[in-house]
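Step one of this worksheet: look at the structure below.
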Amino acid sequence: MQDVIIIGCGVTGAACALQLSRYRLRVTVLEAGNDVAAGTTKANSAIIHAGYDPEPGTLMARLNMEGSRMAEGICAALDVPYRKNGSMVLAFCQEDRKCLRKLLDRGEKNGVTDLRLLSGEEARRLEPELSEKVEGALLAPSAAIVNPWEYALAMAETAVKNGVTLHRLCRVTAIAREDGGFIVSTTGGVFRGKYIINAAGVQAGEIHRLAGGRDFTIHPVKGEYYLLDKCEGTRVSRTIFQCPGPAGKGVLVSPTVHGNLIVGPTAEPSGSTSSTAEGLQTVRELALRSVPGIRFRENIRNFAGIRANSDRGDFILEESPAVPGFFNAAGICSPGLSAAPAIARYLTEQMAERGLPLKEKENFTATRRRIRFQELDDDERNRLIRQDSRYGRVVCRCETVTEGEILDCLRQSIPPVSINGVKRRVGAGMGRCQGGFCGPRVQEILARELGVSPEDIPLEEPGSYILIGETKEAWT
């Protein structure tokens, strides 16, 4: 019998696992996919928001602020790329300037202390690539950017090192009550637990209904993006927003922690993760309004992510009224990435009030480190290669990722099982060629180290195979 079963291992589930791993508890995480951070967490804007957007008094507002403050320390302790680059919201007309004043007032009520209104000229002095049509801006120096999937992965890995058990390919199919807890049936077995945290993202409503609750509905919203090559990565230094509307925060232009430029998203009611010509055209048109010089011909990838909007309009963080012991972490749309560690702490406190014993471990592991060969100086590289020659074998030329780094990620507490799993961990395939050169080599290394055929290595989820057999007849 587990003390807590967490359903879903995106950034929210991973943060909950890390928080609970601080205590003498038996905790199991059930993930439907073959990797962590493979849903909403892997396809978003990668922004740690300053906190001026949520309505004051909401959980979004409170936990955005708390989570953003926690994120910097967590990223430092767990060696996750993080940069406090600041953000701007642009105004193009008088109505937009009214919106900026509203956001300023909202941010101050939420506790954001460093907000400042700028004129169009002041904004362009800070960001020379901004449109001449910009009449003003709201500057938020405390906003930041992060590697979102490594943030989740690092928290999940650290939780596993501290005793949490992770089961992948465990899609929940039924939840039943029993004395003292729950029986959770999955495609990977049956699990028993005293408490459940439902962190299933866009499936959170479905999971809640399996347990007997029906008091909210998730409405997936698709956002489409461009990811531009590093030659565009210095186009702006801050995250550039337009004034938000009913559909969300609008199309942004932002550097990434990897040195690229990300542009998007749209906001379309849909559960699909397919990009469309219409959606990408919308992104281009709106982004060029902010930063006219963007060279979209430097695009290296398009993708779409799904946000788990709910009919509540706020995070749903509560014990289910219909199912005692079942705690929802649902409707975690933006600023969910920013709020994740605060969400975990908030739910842990709620469960403690309902009887979950919280006795801290004396030997909690609070740090994580990984080698990034690309960032080392020559002396450090040479020393590393002398220790293990595999660090001298560059597999991904675009991102200078070595075989040694790939082998390192295969030895971690949550090793990858797919080519994209390696990509998320060490960056192989993230560069200009998007795996065109290194993909086959990564596949070969995975097959060799896992002791399987290259045909059994998927690109991403089970069944997404690259090789399906050998040609038996020669071409004539």
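Things worth noting here:
- Among the criteria (1) of a type in the set (D, E); (2) farther than 26 Å from F326 by Cα; (3) surrounded by fewer than 21 Cβ atoms within 10 Å (Cβ to Cβ), the one D179 does not fulfil is (2).
- Restricting segment 439-476 to residues that are of a type in the set (V, I, T) and modelled with pLDDT of 95 or more, the residue that is farthest from the chain's Cα centre (by Cα): V452
- Looking only at segment 265-315, and only at residues there that are closer than 24 Å to D96 by Cβ and among the hydroxyl-bearing types (S, T, Y), the one that is nearest to the chain's Cα centre (by Cα): T266
- Looking across segment 333-362, the residues that are open to solvent by 10 Å² or more (accessible area, probe 1.4 Å), within 26 Å of N44 (Cβ to Cβ) and touching a residue at least 40 places away in the same chain (Cβ under 8 Å) come down to C333, S334, L337, R345, Y346.
- Of the residues in segment 403-426, none is open to solvent by 60 Å² or more (accessible area, probe 1.4 Å) and in contact with a Lys or Arg (Cβ under 7 Å, 6 or more places away or on another chain).
- The set of residues in segment 293-312 being farther than 19 Å from R432 by Cβ and open to solvent by 80 Å² or more (accessible area, probe 1.4 Å) consists of D311, R312.
- Once segment 212-223 is narrowed to residues that are under 19 Å from T173 (Cα atoms) and touching a Gly at 6+ places or on another chain (Cβ under 8 Å), the residue that is most open to solvent (accessible area, probe 1.4 Å) is T217.
- Failed criterion for Y391 (all others in (1) touching a residue at least 60 places away in the same chain (Cβ under 8 Å); (2) touching a strand residue (DSSP E or B) at 6+ places or on another chain (Cβ under 6 Å) hold): (1)
- Failed item in (1) in a helix (DSSP H, G or I); (2) free of Cβ contacts under 8 Å to residues at least 24 places away in the same chain, with G436 passing the rest: (1)
- Cβ-Cβ distances below 8 Å connect the following pairs, each with a first residue in segment 188-211 that is at positive phi and open to solvent by 20 Å² or more (accessible area, probe 1.4 Å), a second residue that is outside any helix (DSSP H, G or I) and hydrophobic (A, V, I, L, M, F, W, C), and a separation of six or more residues or different chains: G189/C170; G201/I306; G201/A308; G201/I332.
- Hey, L169 in a loop (DSSP other than H, G, I, E, B), among the hydrophobic types (A, V, I, L, M, F, W, C) and in contact (Cβ under 8 Å) with a residue 40 or more places away in the chain or not: yes
- Among the conditions (1) assigned to a loop (DSSP other than H, G, I, E, B); (2) open to solvent by 10 Å² or more (accessible area, probe 1.4 Å), V36 misses just one, which is (2).
Yes or no, residue by residue, for (1) within 21 Å of G293 (Cβ to Cβ); (2) open to solvent by less than 10 Å² (accessible area, probe 1.4 Å); (3) of a type outside the set (D, E, K, R):
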{"position": "V89", "(1), (2), (3)": "yes, yes, yes"}
{"position": "Q94", "(1), (2), (3)": "no, no, yes"}
{"position": "L104", "(1), (2), (3)": "no, no, yes"}
{"position": "G107", "(1), (2), (3)": "no, yes, yes"}
{"position": "T113", "(1), (2), (3)": "no, no, yes"}
{"position": "E127", "(1), (2), (3)": "yes, yes, no"}
{"position": "P141", "(1), (2), (3)": "no, no, yes"}
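- For segment 88-132, the set of residues classified as of a type in the set (G, A, S), under 21 Å from S338 (Cα atoms) and not in a loop (DSSP other than H, G, I, E, B) consists of G107 only.
- First in segment 50-77 and touching a residue at least 40 places away in the same chain (Cβ under 8 Å) and assigned to a helix (DSSP H, G or I), second anywhere and small (G, A, S) and surrounded by fewer than 20 Cβ atoms within 10 Å (Cβ to Cβ), Cβ under 7 Å, 6 or more apart: M65/G111; A77/A366
- Test: S290 is open to solvent by less than 40 Å² (accessible area, probe 1.4 Å) and either of a type in the set (D, E, K, R) or touching a residue at least 24 places away in the same chain (Cβ under 8 Å) (or both): yes
- Unique residue being at pLDDT 95 or above and open to solvent by less than 20 Å² (accessible area, probe 1.4 Å) when the list is I47, I74: I47
- Taking first residues from segment 125-143 that are free of Cβ contacts under 8 Å to residues at least 40 places away in the same chain and partners that are surrounded by fewer than 24 Cβ atoms within 10 Å (Cβ to Cβ) and part of a strand (DSSP E or B), the Cβ contacts under 9 Å between residues at least 6 apart in sequence or on separate chains come to R125/L118.
- Some residue of segment 252-272 being more than 22 Å from K42 (Cβ to Cβ), open to solvent by 30 Å² or more (accessible area, probe 1.4 Å) and touching a residue at least 24 places away in the same chain (Cβ under 8 Å): no
- R106 being under 20 Å from R69 (Cβ atoms), charged (D, E, K, R), within 27 Å of the chain's Cα centre (by Cα) and at pLDDT 95 or above: yes
- Unmet criterion (only one of (1) open to solvent by 20 Å² or more (accessible area, probe 1.4 Å); (2) of a type outside the set (G, A, S); (3) in contact (Cβ under 8 Å) with a residue 60 or more places away in the chain) for R383: (3)
The values are calculated or read from the model by the stated rules, or taken from the named source; none is laboratory data. Note that the structure is predicted; figures quoted are calculated from it, not measured. Virtual Cβ from ideal backbone geometry, glycine too; neighbours counted across all protein chains shown. Heavy atoms of the whole protein, side chains included, go into the accessibility calculation; ligands, DNA and RNA do not. Shrake-Rupley method; radii C 1.70, N 1.55, O 1.52, S 1.80 Å.
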